[in-house]
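Structure, as structure tokens:
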Amino acid sequence: MNEEIVEIMAKILFINPNTRYQGCLLTVFPPQGILYIAKVLLNFGHEVAVIDADIDNLSLEDILKKVLEYRPDIIGITVNTLQCKAAYETSDYIKKMYDVPIVLGGPHPSALKEKIFEKCKSANILIFGEGEFTFLEIAHNFDKNYSFAKIKGVCYNDKGKIYINPSREPIENLDELPFPALDLIGPITKYPGAYPTGARPSIQLMASRGCPFNCSFCSNPVWGKKIRLRSPDSVLNEVEWLQNEFKVKEIFFQDDTFNFKREWFEEICNGIIERRLNQKSIFKSPFRANSNLIDLELLRLAKEAGFWMIFYGVESGNQAILNSIHKKMELKEIQRAIKLTRKVGIKVYASFIIGNIGESKSTIYDTIKFAKKIDPDYYGFAVAMPYPGSELYTVAHEKGYLKDEFENFQINKSIINTDTLTSAEVQKMTDFAYKSMDNYRLSLSYKIKNIFLKGKITTTERTVTDYNSIINDPNPLFLSDNIVMGENDLNSLGPGWYLLENWPPKIRWMGKKSIAYLIRTKETTINIKLITYNDDLILNILANNYVNTYNLKKSTWETIKLKLDENETCNIIQLKIEVSKTWIPDKTFGNVDMRELGVAVEKIWLT
């Protein structure tokens, strides 16, 4: 579409609904779909505002107040399946008090189209597929009696009659799209990033759209099957823009298959190196593990370009299940990919799905066994979710396996009863998988195999375990004013820390001495949340040559505070932590854990 300013501008408000009732924060990145559409609209002369009700934890009353203050001509609400309940409630609540066209878009309306109107009668129009130029046409027509008849990619309700227009062709040249309107959502530092986060601020970037594979659990109603690639220059320019304008320190290439086209990926990596973009940010991305898509040469280039972690969708440790979900991958390929990835020094995140159709307790045990065998640095076990548009949903619906409506879907809540497993059994096995992996990581045999033998660490050096100790001061560009153990501690911890544990919360034990690093900001107080099992423990903390001493109580979480010298000008804060005595779990609990422990730390932050 040619870029031309319209004579009459529309005033548009986008809303990312609040889903905190799920018990967790679903929004970990800025709502990229909304922000792409917003920037296109701005470029064509329309006025746009964005409410992220999820990250800001806004109530329906809070949202309505903002709507009435802004008084938009059109309201757009983004909807994925886990958001649909919140989206419908938000739409209904607004419509009672402010009657303007409400547009729903995103994966859920793209998959279900006219069925959405059965659940959300307050919505006027649905966008299916890519929304940038579809919403632009809606905005162009807002003053023409809301005539949507000729707009491709919409489904609309006209006086109770539902119309479904032809689909809009996918955007072939993705370079036509502007960078997302990040300036509309406030400071990006409020978004935590996807776990694990190597540095903050962390943000997502999509270098391509579409996925050519056909995994049965996947629903891709927006981007489609055909993979479309942005030019490497466009991708590199956005990386540079994110670094310069928003001081982004970690970029997650959120593509379905980032290593699908080797020449393209190599050009991006080489561009990162040539422009020295890896001096300001670190990177992570999903990869396919197929042998024809990955080798040492490719991984070494990724490492040089600054990729610190690669995400592999392993899904199952049983080959028959992999075949049944159309993964088109063999277990030996996964083992090979993870071995090569770790060999070049890149960390691995392996994700698994529990409860696909055909799954049994036996195949789940295979998955747990395989997870222990490949031993990823990070891992996750998710329950199989029948998203609309996926083969999993179609089969589950046809066979009567579904036990709930989309509005009641919750993250990691099983809602499928198959012939072999009930939803309760899937839930129980998912919990068991986590506990089994956690216990395995804490076992003496694991420590001997993976720490003492592979790491060649002697018993006198136990306080240096899975971390590559920082010898020199780390690059301040990758430091933060907070350290959350297991999330953004990758570049922040020096020697002296044991393996990550999940109690919850996620913690790391220190030994006799440990070191941590923070970036200095205007805040002048260091806070450390910790716990110990020693009576009358004395803790000494040296922060840039200023010492504080604390007496800690046994088995009580405490947040200790250390006041910094306000005249100190050093950019990096080096924390040296030392305890007066350590304890050995085996002597207390008889659990063959011979570590010498000081205090367990959950987080360190500045205020």
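The values are calculated or read from the model by the stated rules, or taken from the named source; none is laboratory data. Here the structure is a predicted model, which means the values were calculated and not measured. Neighbour counts run over all protein chains shown; Cβ positions are idealised from the backbone, glycine included.
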Residues of the stretch 68-81 that turn out to be out of contact with any Phe, Trp or Tyr (no Cβ under 6 Å at 6 or more places or on another chain) and either modelled with pLDDT under 95 or on the phi < 0 side of the Ramachandran plot (or both), as a count: 9
Return a yes/no flag: does the stretch 317-339 have any residue that is within 23 Å of the chain's Cα centre (by Cα) and hydroxyl-bearing (S, T, Y). no
Working carefully through the options E114, E47, E118, find the one that is outside the structural domain of R200 (by TED's automatic domain parsing), of a type in the set (D, E), surrounded by fewer than 21 Cβ atoms within 10 Å (Cβ to Cβ) and at pLDDT 95 or above. E47
Conditions (1) modelled with pLDDT of 90 or more; (2) under 22 Å from the mean Cα position of the chain (by Cα): number failed by F409: (1)
Kindly evaluate K529 against the criterion of being among the charged types (D, E, K, R), part of a strand (DSSP E or B) and surrounded by 12 or more Cβ atoms within 10 Å (Cβ to Cβ). yes
Cross-chain or 6+ apart pairs with Cβ under 7 Å, the stretch 471-484 first and crowded, with 18+ Cβ neighbours inside 10 Å and among the β-branched types (V, I, T), then modelled with pLDDT of 85 or more and assigned to a loop (DSSP other than H, G, I, E, B): I483/S492
Unique match (being in contact with a helix residue (DSSP H, G or I) (Cβ under 6 Å, 6 or more places away or on another chain), in a loop (DSSP other than H, G, I, E, B) and more than 23 Å from I251 (Cβ to Cβ)) among A199, A123, A149: A123
Verdict on P178 being assigned to a loop (DSSP other than H, G, I, E, B) and within 16 Å of G105 (Cβ to Cβ): no
Kindly indicate whether any position in the stretch 490-513 is part of a loop (DSSP other than H, G, I, E, B), of a type in the set (S, T, Y), crowded, with 21+ Cβ neighbours inside 10 Å and under 26 Å from the mean Cα position of the chain (by Cα). yes
Residue set Y98, Y88, Y21; condition at pLDDT 95 or above, outside the structural domain of E487 (by TED's automatic domain parsing) and under 29 Å from the mean Cα position of the chain (by Cα); output residue Y88
Here is a list: K561, K554. Which entry is basic (K, R) and at pLDDT 90 or above? K561
Report whether or not V314 is of a type outside the set (K, R), more than 21 Å from N488 (Cα to Cα), surrounded by 21 or more Cβ atoms within 10 Å (Cβ to Cβ) and assigned by TED's automatic domain parsing to the domain that holds N412. yes
I'd like to know if the stretch 189-204 contains one or more residues that are farther than 30 Å from A305 by Cβ and among the aliphatic types (A, V, I, L, M). no
Picking from F217, F252, the residue that is in a strand (DSSP E or B), under 21 Å from the mean Cα position of the chain (by Cα) and assigned by TED's automatic domain parsing to the domain that holds I325 would be F252
Tell me which residues, restricted to the stretch 424-458, are at pLDDT 90 or above and over 25 Å from the mean Cα position of the chain (by Cα). A424, E425
State yes or no: is V67 within 30 Å of C218 (Cα to Cα) and hydrophobic (A, V, I, L, M, F, W, C)? no
Please work out if Y387 is under 25 Å from C120 (Cα atoms), of a type outside the set (A, V, I, L, M, F, W, C) and crowded, with 17+ Cβ neighbours inside 10 Å. yes
Does any residue of the stretch 255-262 turn out to be part of a helix (DSSP H, G or I) and either in the same structural domain as V28 (by TED's automatic domain parsing) or not hydroxyl-bearing (S, T, Y) (or both)? yes
Considering only the stretch 181-193, how many residues are surrounded by 18 or more Cβ atoms within 10 Å (Cβ to Cβ) and part of a loop (DSSP other than H, G, I, E, B)? 5
Residue pairs qualifying under the 9 Å Cβ cut-off, at least six apart or on distinct chains, with the first in the stretch 275-291 being in the same structural domain as E330 (by TED's automatic domain parsing) and within 17 Å of W308 (Cβ to Cβ) and the second being of a type in the set (D, E, K, R) and in a strand (DSSP E or B), are S281/E250; I282/E250; F283/E250; K284/E250; K284/K347
Evaluation of T418 against (1) crowded, with 19+ Cβ neighbours inside 10 Å; (2) within 20 Å of the chain's Cα centre (by Cα); (3) of a type in the set (S, T, N, Q) (one fails), failing number: (2)
When you look at I541, is it touching a Gly at 6+ places or on another chain (Cβ under 9 Å), buried (at least 17 other Cβ atoms within 10 Å of the Cβ), in a strand (DSSP E or B) and hydrophobic (A, V, I, L, M, F, W, C), yes or no? no
Residue in the stretch 571-579 that is exposed (fewer than 15 other Cβ atoms within 10 Å of the Cβ), closer than 25 Å to P476 by Cα and either without any contact (Cβ under 8 Å) to a residue 60 or more places away in the chain or not assigned by TED's automatic domain parsing to the domain that holds T197 (or both) present: yes
From (1) more than 22 Å from P196 (Cβ to Cβ); (2) part of a strand (DSSP E or B); (3) not basic (K, R), pick out the condition that doesn't hold for L575. (1)
